[in-house]
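Worksheet: the structure to be examined is printed underneath.
The values are calculated or read from the model by the stated rules, or taken from the named source; none is laboratory data. None of these values were measured; they are calculated from a predicted model. Positions of Cβ are backbone-derived with ideal geometry, glycine not excepted, and every protein chain shown enters the neighbour counts.
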């Protein structure tokens, strides 16, 4: 394997790692970033008091940017320590410690007192620690353990035996660690629900003290100009926007707000948009954005980097990926089996990129080839048969639901997310129809792809298929019930030796040795196979994939983001042709 670096990793300043405020829709003036060098040790004993060296948080020890590049085994403990010094005047009534993500299980100690436990490697957690901090200085310790794919926990694409479509496992802290200090009575959480039809936005404050209602006020601004200021006296209140500017990929309009709540104040933003599944004039189910049929052309985005692995080297690296796909003419990304930091979704909101959000997979089963074969012959097993889906262990199913709820709550206010994807290709799938109902019970404003690709249970808003090895096939009758969605296809590969992670062992669905032949075949794929499906009702496309990832060399861009393998002008032409053909397919129906 070859160690590659992105330009952002090469220019990384260890004293200024990911310093941006991590929660753009609920910002406070109180903020202390704890990224940087921590002491660490890897030991079989979680009480180990020694130090192996320093690690650059929030990069996992397996990554190059951490400065460690050591693997954490399933029976290891990864122990972090650092001394924290609060700035003068920082500590108010309550002190909240935030972790963006720690893979997989974490115990947090303040001055050697256990203050929090969390299980789940992709979702955030927080803990109040003021009672354990007697002055401005204290010791913070985190003990992380990670059994990766040796059991039923959610692991995503990580495998102890990496290779092919599975990647290097990583452990411990991999998103920003930070502190904020707040008054005793403060906004503990905030729900923002745009009502497109009523030209209103509903805000629901979760107060820090149960049952306590504080009066306050809200200011709403558009492009820096205040348009609304009004008081409120209940924890749920509405703001009427009036003649608003809608959010879309073509016009990513956002509104800023500030809420004053007692002695607390939070700021954020929202967008006015509406996502629906609705039949067109011929009875074909379509994806609707803001009351109009809308064609989704996007790519699969796994969010891996050669130097940071799951952790982006910088905010600019995240922006590069999103903006590059916009420049190719795409209007949406499928965030594949990864939950990003909130800043990534903020950039999608402000740049204008619709997102489908996958839940993290977990399973006791390492091989889902049987489901792939069955999908090709149109057989879908009932996912209540836990044995065939690697879900015999009830604690594993229960933990999946815990982490699903955490993901939904974490991302509930993001403007750009249109669709939740609970399961992908049968990996750890179970009771998909019940899970779909659970998701809709939490969030009725978005759509659901209940079982992406294989093992369809007949639910969800999409008839969602993955095709790599055969011609695309969508029965027209399916379009009368659900939106036809080609949620993975393509995956054509080109290895560029000096920009490849593992030149001796590449993975792809169809391999090429020259840029010209790759581009000609991609063009033919869209023209010969995709275009004829639009009159049948095809509404969603997800090409695999945004970037190369380890052995996979099927990206639009190389793993280090230095080489653009797919011609941009060609792809813009393809996307424009697709949108024109989609519009024409709607016109000829009326």
Whichever residue in region 373-394 is more than 24 Å from the chain's Cα centre (by Cα) and not in a loop (DSSP other than H, G, I, E, B) and, among such residues, is farthest from residue 425 (Cα to Cα):
394
Can you tell which of 472, 489 is in contact with a strand residue (DSSP E or B) (Cβ under 8 Å, 6 or more places away or on another chain), in a loop (DSSP other than H, G, I, E, B) and in contact (Cβ under 8 Å) with a residue 40 or more places away in the chain?
472
Within region 443-450, does at least one residue satisfy the condition of being within 18 Å of the chain's Cα centre (by Cα), at pLDDT 95 or above and closer than 25 Å to residue 167 by Cβ?
yes
Scanning region 73-112 for residues that are without any contact (Cβ under 8 Å) to a residue 40 or more places away in the chain, more than 28 Å from the chain's Cα centre (by Cα) and part of a loop (DSSP other than H, G, I, E, B), the one farthest from residue 169 (Cα to Cα) turns out to be 89
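May I ask you to say which residue of 571, 523 is buried (at least 23 other Cβ atoms within 10 Å of the Cβ) and either out of contact with any helix residue (DSSP H, G or I) (no Cβ under 9 Å at 6 or more places or on another chain) or not in a strand (DSSP E or B) (or both)? Lay out the reasoning, then the answer.
Working: 523 fails: buried (at least 23 other Cβ atoms within 10 Å of the Cβ).
Going through 571, 523 in turn, the sole match is 571.
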State yes or no: is residue 405 under 20 Å from residue 545 (Cα atoms) and either touching a helix residue (DSSP H, G or I) at 6+ places or on another chain (Cβ under 7 Å) or touching a residue at least 24 places away in the same chain (Cβ under 8 Å) (or both)?
no
The one condition residue 381 fails out of (1) surrounded by fewer than 21 Cβ atoms within 10 Å (Cβ to Cβ); (2) touching a helix residue (DSSP H, G or I) at 6+ places or on another chain (Cβ under 6 Å); (3) modelled with pLDDT of 95 or more; (4) under 23 Å from residue 488 (Cα atoms) is (3)
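For residue 124, indicate whether it is in contact with a helix residue (DSSP H, G or I) (Cβ under 8 Å, 6 or more places away or on another chain) and at pLDDT 95 or above.
Working: in contact with a helix residue (DSSP H, G or I) (Cβ under 8 Å, 6 or more places away or on another chain): yes; at pLDDT 95 or above: yes.
For residue 124, the condition - in contact with a helix residue (DSSP H, G or I) (Cβ under 8 Å, 6 or more places away or on another chain) and at pLDDT 95 or above - is met.
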Would it be correct to say that residue 514 is surrounded by fewer than 23 Cβ atoms within 10 Å (Cβ to Cβ) and within 25 Å of residue 355 (Cβ to Cβ)?
no
Of the criteria (1) over 30 Å from residue 501 (Cβ atoms); (2) touching a strand residue (DSSP E or B) at 6+ places or on another chain (Cβ under 8 Å); (3) surrounded by fewer than 18 Cβ atoms within 10 Å (Cβ to Cβ), which one residue 107 fails
(3)
Of the numbered conditions (1) closer than 27 Å to residue 287 by Cβ; (2) touching a helix residue (DSSP H, G or I) at 6+ places or on another chain (Cβ under 9 Å), residue 576 satisfies every one except a single condition; which is it?
(2)
Taking residue 282, is it part of a loop (DSSP other than H, G, I, E, B) and surrounded by fewer than 19 Cβ atoms within 10 Å (Cβ to Cβ)?
yes
Within region 10-27, track down each residue that is under 21 Å from the mean Cα position of the chain (by Cα) and either assigned by TED's automatic domain parsing to the domain that holds residue 304 or in a loop (DSSP other than H, G, I, E, B) (or both).
17, 18, 19, 20, 21, 22, 23, 24, 25, 26
Exactly one of 242, 268 is part of a loop (DSSP other than H, G, I, E, B) and over 20 Å from residue 331 (Cβ atoms), and that one is 242
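Among the residues that make up region 315-327, is at least one of them in a loop (DSSP other than H, G, I, E, B) and either at pLDDT below 95 or crowded, with 20+ Cβ neighbours inside 10 Å (or both)? Reasoning before the result, please.
Our first condition is that a residue be in a loop (DSSP other than H, G, I, E, B); within region 315-327, this holds for none.
Scanning region 315-327, I find no residue that is in a loop (DSSP other than H, G, I, E, B) and either at pLDDT below 95 or crowded, with 20+ Cβ neighbours inside 10 Å (or both), so the answer is no.
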